[in-house]
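Okay, so here's the structure we're looking at.
The values are calculated or read from the model by the stated rules, or taken from the named source; none is laboratory data. All figures in this text were calculated on a predicted structure; none of them were measured in a lab. All Cβ positions, even for glycine, are placed from backbone atoms using ideal geometry, and neighbour counts span all protein chains on display. Heavy atoms of the whole protein, side chains included, go into the accessibility calculation; ligands, DNA and RNA do not. Shrake-Rupley method; radii C 1.70, N 1.55, O 1.52, S 1.80 Å.
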Amino acid sequence: MADDRFGRKRATAAWCLYDFANSSYTTLIVTVAFAVYFRQVVVDAADNRADQLWGLANFAAMLLVAVASPILGALADYSGRRKLLLILTTLLSVAATAALYTAGPGDIAWAMLLFVLATACFEAGYVFYNAFLPDVSTPETVGRVSGWGWGIGYVGGLLCILVCKPLLDQPLSGPDGVAAYQSSFLIVAAWYLVFSLPAFLWLRESPPQGAVRSWFEYASAGFRRVRHTLTHVRRYRETAKYILASLLFTDGITTVVSFAGIYATTTIGFSNREMVFLFLLLNVVALPGSLAAGYLADRAGARRTIILTLVLWVAVVIAAASATGKPMFWAMACGAALGMGSTQAVGRSFMSQISPASRQSEFFGFYVLSGKFASMFGPLLFGSVSLWSGSQRLAVLSILPLFLGGLGLMFWIDDRKAMEDAGQ
C-alpha cells in the first residue's frame, strides 16, 4: 500500500516536471526568442510579410496536430502505449528545436519547416501527457494537480529564460547577437530533453484495451473508435459544448502567445533586453495565478472558474489594443499572465472531469483537436490583418470575438450533467 502511494506521488511529480521541461519551448521558442529572431533575422524586420509568414507557420503546425490528434488519442487508449507515444513526440520536438540553430538570415522555408515540425510534435505530445492526469490525481485533487502542473511549468519557463538571458540581452543587429540567439535554441532543446526524463521513467503505462498486434491494426482501431465517438457524440452533448467553447478561447490564447513578443518589440517599442525582463515577470505572475485557479476550481467548480478567467481575457485584449505606453502594457501583460495559466490549467482539469474514464486519451484528442484546429486560424488572422491594415493594434482587436464567443458558450454548459453523462 505504501509502495502504491509512493509510486503515485512519484508519477505525479514526474508528470508536473514534464510541464517544467516543455514550458521552455513555449516560452523561448514560440514567444520570446525564436519568434523575434524569425521576424528580425530570418525574414528581416523591414519586411512587412513577417507577421503573415509567422502566422502561416503556426497555421501549418496546428493543421498537422488537428488532423492527427483524435487518431493518436484513440490509438493511445487502445494500444496502451501512451508513454511510448509521449516519448517519441517529445524526442522529435527536441531534435527539431535543436536544428533551429542552423536557420540563419534568409532561411525562411527551412526555419518554418523546423518550427512546424517542432511545434506539431510538441502539441501532439500533449494528447498523451494530458491523458495521464486522471492517473496522477483523484477526483478531489484533479484541479489542484492540473494547477500545479501549469504552475511548475511557469517555473521552468522562468528558469530557462534566466539561463538564456545573457544570450538574449544581445542586440540582433550583428553576427554576435545572431549567434547568441541561435545558441539559446540549443539550450532549450537540452532543457526540454533532460527534464522530460522523469516522465519517461516514472509515468505508468496503461494496459491495452484490445488484442491487436501491429501498428496498422492499432491505427485502424483508432479510426474506428474516433468514428464511434463521432456517431455517439449526442450522449456527451455538454462535453461537446465545452470542446466548442475551448475551440474559441484557446485560439485566442494561442494567438496571444504567438505574437506577444513580436507585438511588444514592434508596436510598443520594447528592446530585446526589456522584453526578456517582461517575460521573466510574466512567468512569476503566472505561477500563483495557475495554482490559485486550481484550488478555486476544486472549491467553486471548474466552469465558474473558467468563466472568471475569460472575463479577464476580454479586459486584457481591450487593454492591449489601446496601450499607449510601456507602463500600461506592463500592467496588461500581468493580466494576460494570470489568465494564461489559470484558463489552461482549469480547462484541462474540467475536460478530465467530463470525459469517460475509458476514453480519456481519445477525448483529450478531440480536446486538443478543437483547440489546435481553431489555433490554425487565430495567428493567421492576426498576421493577415496586420499585413493588410499595417496596424498590429487592429490585429489584436480581431481576436476579441474569440474570447467573447467562448465566454458565451461557457454560460450555456451544464457541468453537473456533463459529469453524470461521463460517469464521473
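Some notes on this structure:
- Normalised convex hull volume, the chain, alpha-carbon set, Å³ per residue: 127 Å³
- Order by protection proxy (mean Cβ within 10 Å, highest first), peptides 348-357, 177-186: 348-357, 177-186
- With a simple spin-label model that places each label point 7 Å from the Cα along the Cα-to-Cβ direction, the separation between LEU308 and ASP176 comes to 4.9 nm.
- Accessible surface of the chain, 1.4 Å probe, proportion on carbon and sulfur as whole %: 68 percent
- Gap separating the Cα centres of the range 98-149 and the range 271-293, nearest whole Å: 19 Å
- Relative contact order for the chain: 30 percent, from Cα pairs under 8 Å spaced at least 6 residues apart, divided by residue count.
- Lysines whose Cα lies under 30 Å from that of LYS326, excluding same-chain neighbours fewer than 8 positions away: LYS165
- Most fluctuating residue given options ASP251, ASP77, ASP176, as computed from a GNM of the chain linking Cα atoms under 10 Å: ASP176
- For the range 329-424, the relative contact order is 37 percent, taking Cα pairs closer than 8 Å that sit 6 or more residues apart in sequence and dividing their mean separation by the residue count.
- Helix-derived mean residue ellipticity, 222 nm - over the chain, DSSP H n ≥ 4, -39500 (n - 2.57), to 500: -26500 deg cm²/dmol
- Translational D in µm²/s for the range 375-424 (Stokes-Einstein at 10 °C, 1.306 mPa s, Kirkwood Rh from C-alpha pairs): 122 µm²/s
- The residues of the chain present an accessible area of 39 Å² per residue when probed at 1.4 Å with all protein chains retained.
- Rounded FRET efficiency, nearest 0.05, which uses the C-beta distance separating ASP135 from GLU217 and R0 of 22 Å: 0.35
- Summary value for the range 68-190: 31 percent relative contact order, contacts being C-alpha pairs under 8 angstrom separated by 6+ residues.
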